[in-house]
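Accompanying notes for the structure given below.
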Amino acid sequence: MLETDEARPEGGPPLAPPPAPVRRSRRRTLVAVLAALAVLAPIVWSWAASLPSGTWSVTDMGYPDDGGGPPLMPDHGMAGMAGTGRPVDTLRLPDGPADVDVTLVARAQTVRLAGGRTVTGYTLNGTTPGPEIRAVQGQTVRVRLVNADVPRGVTLHWHGLDVPNGDDGVAGVTQDAVLPGGQFVYRFRADQAGSFWYHSHQVADDQVRGGLFGSFVVVPRGTSAVPSASDVSALVHLYDGRRTVAGVDGDLAVPAAPGSVVRVRVTNTDTGPMRAWSASPYRVLAVDGTDVRGPTPVTGAATQVTAGGRADLEVTAPARVELGGVAVVVGNPRPGAAPTPPAPPPTPVVDLLHYGTPTPLTPVTVGFDPTVPTRVFDYAIGRRPGFVDGVPGLYWTINGHLYPDVPMFMVREGDVVRMRISNTSGEVHPMHLHGHHAVVLARDGVPATGSPWWIDSLDVPDGATYDVAFVADNPGLWMDHCHNLAHPKQGLVAHLMYEGVTTPYRAGADTPNDPE
Amino acid sequence: MRATYRVLAYLLALEVVVQAAAIAWAVFGLSTWIENGGVLDKAQMESDGTAFDGVLGFAVHGLNGQMIVPVIGLLLFVVSFFARFPGAVAWAGAAFAAVIVQVALGIFAHSVPSLGILHGVVALVLLVVALVAARKSSGAPSAMDDEPATGAHAAKV
């Protein structure tokens with residue numbers, strides 16, 4: 001090789017140019033080195049550029065996107081420049097009495113599910129799912145979260161409840177994770193009637209899989225929040241890969257007299273979409289905690305519930321609500337009779353774009369005019385190889401960019417916002433915007449014609465494009481991410497940021513906070 | 001460098017075999033699991049807890065195919081610049097190109113399942129290309145390793 005060539009004793013006088021073979025050999029080696037560099041340098045550079053810093057603020061993430069509206073700049077809340085913005089922890093209710101007062105104690109432990117199996121995970125007040133919280137619309141809820149011994153800390157996020165930002169429960173964004181021995185008090189008014197759930201948003205993927213969640217039901221004003229047999233919460237969850245409903249390892253039996261009408265609040269606490277169906281006719285009363293107008297009976301079709309999403313199904317006893325492997329069994333045909341066997345899943349799926357009473361989306365029906373948006377954002381989900389935090393992989397992209405170089409959707413309070421969510425990544429993504437409900441305008445360019453379809457968790461399959469709209473009416477710093485909780489770790493997370501809002505909290509390896 | 005080239009090329013061929021074995025194991029395991037009452041939907045697919053004989057095959061196929069195989073292909077390509085024998089760069093380049101196409105097919109077949117047919121075909125193309133590359137590198141030592149066999153400087157120096 002080169003060195004031996006140079007060391008050749010018979011190479012002529014010391015200062016003479018080396019003979020042609022040596023030059024050729026040298027040139028070839030040089031070309032090989034340059035070619036290797038050309039191949040490897042971009043890879044090494046993009047790896048080095050992706051190395052995470054030990055602590056970061058969400059306000060510094062990505063690049064501002066003002067959606068074509070009046071330009072807005074993120075408030076980085078620089079040290080020593082106090083008073084430049086409203087910190088998220090001032091965006092809370094003033095202190096006062098609460099109508100519903102709950103203490104939840106989080107533990108890492110092994111627990112026995114109703115119906116037999118023992119699972120290792122997390123509990124709230126000794127059970128998983130945690131206790132159901134029920135409130136009447138308009139009541140103030142106070143929840144004291146105590147961490148007994150969950151090593152990495154916990155938080156509680158109120159999924160679907162548009163609470164003040166300071167109570168949103170995202171570690172490193174709206175609060176610090178509650179470490180063992182610590183506590184955090186959440187306070188908010190339950191203004192929306194419907195089905196919701198709460199779950200940890202610290203190391204969320206692991207903690208939600210492990211059972212750190214529970215049901216949250218708000219009943220309409222003038223009704224009673226006392227649990228009744230005609231109102232059933234069906235939190236569907238896979239523990240160690242086996243499906244359970246409401247913490248029962250098997251079917252959930254609901255006593256009901258023949259002919260009685262029962263509301264089953266199907267809540268998907270897992271990381272991928274699931275379906276619910278019944279051999280008997282049923283109605284989809286509500287989606288994501290918002291009532292459907294004029295729900296019609298459904299026969300021979302399943303209802304898709306995306307990860308994090310809810311669908312309230314109304315059945316008449318006796319009936320089985322199938323959830324795929326487990327069911328809610330409402331009443332029994334005859335006492336002592338053999339139970340009805342599971343019904344196979346129907347192929348058709350209820351299309352919520354056209355379900356319910358046809359309603360034009362106007363200021364009268366949805367409270368704002370979605371045809372005159374202040375800002376229009378794109379949230380285009382793709383996929384490409386690259387590095388995130390120094391680890392190579394095939395990662396999700398947002399508008400073509402890899403995390404953390406993702407858009408920061410900038411809004412001003414009162415803006416009407418349209419967002420086009422599209423997916424060409426090859427996999428379904430359950431997209432969840434915190435703190436807001438959006439109304440679906442169209443799918444793949446086909447306008448919505450049914451009841452206004454309000455969502456907080458939207459199933460966006462590969463190849464689909466959704467147009468949604470919402471009013472920016474809840475100032476803060478809000479996550480807008482995929483609720484397949486493994487995906488935010490792989491870069492599928494962006495934020496909605498209000499002008500002038502900042503946060504004192506930070507996340508990253510040097511902090512206890514890891515929201516994903 | 002020729003020895004390294006040869007090892008990487010055979011490794012790449014071996015990886016194709018591993019990929020085929022892993023996915024076959026997984027598919028049979030999955031169908032058996034469903035026969036015995038397992039219910040597969042997206043939520044189940046995304047849960048870490050799905051457990052049956054063969055589920056590891058999916059993980060191996062995905063991780064191996066998206067990470068290890070591309071790394072081997074890339075290393076083979078880089079090493080080919082230094083492995084001086086006729087066709088070294090061309091065969092390594094072809095193998096690397098086949099790897100890229102194969103990974104892309106593996107990704108896009110999730111949107112267009114019929115691309116899976118090509119995914120199966122390109123696997124065999126990659127196997128053959130990798131084997132040819134390995135054989136080429138282990139043929140009679142070529143004069144290229146030192147100097148071209150023809151021309152004014154054909155004489156060994």
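The values are calculated or read from the model by the stated rules, or taken from the named source; none is laboratory data. Worth saying up front: this structure is predicted, and the values here are computed from it rather than measured. Glycine also receives a Cβ, built like all others from the backbone with ideal geometry; neighbour counts cover every protein chain displayed.
Go through segment B:74-117 residue by residue and tally those that are of a type in the set (F, W, Y), at the interface with chain A (Cβ under 10 Å from one of its Cβ atoms) and over 19 Å from B:L127 (Cα atoms). Show your work before the answer.
If we filter segment B:74-117 for residues that are of a type in the set (F, W, Y), which is where we start, we get B:77, B:81-82, B:85, B:91, B:96, B:108.
Filter once more, so that each one left must be at the interface with chain A (Cβ under 10 Å from one of its Cβ atoms): B:77, B:81-82, B:96, B:108.
From the residues that got through so far, the ones that are over 19 Å from B:L127 (Cα atoms) too are B:81-82, B:108.
Counting residues in segment B:74-117 that are of a type in the set (F, W, Y), at the interface with chain A (Cβ under 10 Å from one of its Cβ atoms) and over 19 Å from B:L127 (Cα atoms) gives 3.
May I ask you to say which residue of A:E499, A:E516 is at negative phi and either among the hydrophobic types (A, V, I, L, M, F, W, C) or modelled with pLDDT of 90 or more (or both)?
Just one listed residue meets the conditions, A:E499.
Evaluate the following for A:P475: is it in contact with a Leu (Cβ under 8 Å, 6 or more places away or on another chain), assigned to a loop (DSSP other than H, G, I, E, B) and outside the structural domain of A:A380 (by TED's automatic domain parsing)?
no
Out of the residues in segment B:23-42 that are small (G, A, S) and within 14 Å of chain A (Cβ to nearest Cβ), state the one that is surrounded by the fewest Cβ atoms within 10 Å (Cβ to Cβ). Full working, then the answer.
From segment B:23-42, those small (G, A, S) are B:24, B:26, B:29, B:31, B:37-38; that's our starting set.
Narrowing the set further to residues that are within 14 Å of chain A (Cβ to nearest Cβ) leaves B:29, B:37-38.
Working: B:G29: 17, B:G37: 7, B:G38: 17.
Residue satisfying both the conditions and the ranking: B:G37.
Identify, from the list A:L34, A:L40, the residue that is farther than 30 Å from A:I398 by Cα, within 12 Å of chain B (Cβ to nearest Cβ) and modelled with pLDDT of 90 or more.
Result: A:L34 is the single residue among A:L34, A:L40 that is farther than 30 Å from A:I398 by Cα, within 12 Å of chain B (Cβ to nearest Cβ) and modelled with pLDDT of 90 or more.
When you scan segment A:392-419, how many residues do you find that are touching a residue at least 60 places away in the same chain (Cβ under 8 Å) and within 14 Å of chain B (Cβ to nearest Cβ)?
Residues that pass the stated criteria total 5.
Residues of segment B:50-73 being in contact with a helix residue (DSSP H, G or I) (Cβ under 8 Å, 6 or more places away or on another chain) and facing chain A (nearest Cβ under 7 Å), which ones?
B:T50, B:Q66
Can you confirm whether A:G194 is out of contact with any helix residue (DSSP H, G or I) (no Cβ under 8 Å at 6 or more places or on another chain), assigned by TED's automatic domain parsing to the domain that holds A:N268 and not aliphatic (A, V, I, L, M)?
Here the answer is yes, as A:G194 does meet what is asked.
Residue-by-condition table, conditions (1) touching a Lys or Arg at 6+ places or on another chain (Cβ under 7 Å); (2) within 27 Å of A:N484 (Cα to Cα):
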{"residue": "A:V173", "(1), (2)": "no, yes"}
{"residue": "A:F188", "(1), (2)": "no, yes"}
{"residue": "A:Q207", "(1), (2)": "no, yes"}
{"residue": "A:F213", "(1), (2)": "no, yes"}
{"residue": "A:P220", "(1), (2)": "no, no"}
{"residue": "A:P227", "(1), (2)": "yes, no"}
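Provide a single number: the residues in segment A:223-272 that are within 14 Å of chain B (Cβ to nearest Cβ), of a type in the set (A, V, I, L, M) and farther than 14 Å from A:F196 by Cα.
2
Could you look through segment A:230-249, keep only residues that are out of contact with any Pro (no Cβ under 6 Å at 6 or more places or on another chain) and not in a strand (DSSP E or B), and pick out the one that is nearest to B:S47 (Cα to Cα)?
A:G241
What about B:V128, is it surrounded by fewer than 16 Cβ atoms within 10 Å (Cβ to Cβ) and away from chain A (no Cβ under 13 Å)?
Values: surrounded by fewer than 16 Cβ atoms within 10 Å (Cβ to Cβ): yes; away from chain A (no Cβ under 13 Å): yes.
Yes.
Out of segment A:38-67, which residues are assigned to a helix (DSSP H, G or I), surrounded by 13 or more Cβ atoms within 10 Å (Cβ to Cβ) and more than 22 Å from the chain's Cα centre (by Cα)? Spell out the reasoning first.
Pass one, segment A:38-67, residues assigned to a helix (DSSP H, G or I): A:38-49, A:58-60.
Now narrow it down to the ones that are surrounded by 13 or more Cβ atoms within 10 Å (Cβ to Cβ): A:39-40, A:43, A:46-47, A:58-60.
A:V39, A:L40, A:I43, A:S46, A:W47 - these are the residues of segment A:38-67 that are assigned to a helix (DSSP H, G or I), surrounded by 13 or more Cβ atoms within 10 Å (Cβ to Cβ) and more than 22 Å from the chain's Cα centre (by Cα).
Which one of these does A:D351 not meet: (1) in the same structural domain as A:D205 (by TED's automatic domain parsing); (2) farther than 18 Å from A:G259 by Cβ?
Just one mismatch for A:D351, condition (1).
Of the residues that make up segment B:109-121, is at least one touching a His at 6+ places or on another chain (Cβ under 6 Å) and modelled with pLDDT under 95?
The answer is yes; a qualifying residue exists.
Among the residues of segment A:428-464 satisfying the criterion of being within 14 Å of chain B (Cβ to nearest Cβ) and either in a strand (DSSP E or B) or touching a residue at least 40 places away in the same chain (Cβ under 8 Å) (or both), which is farthest from B:H110 (Cα to Cα)?
My answer is A:S457.
Select from segment A:153-178 the residues that are crowded, with 24+ Cβ neighbours inside 10 Å and charged (D, E, K, R) and write down the one among them that is nearest to A:G289 (Cα to Cα).
A:D168
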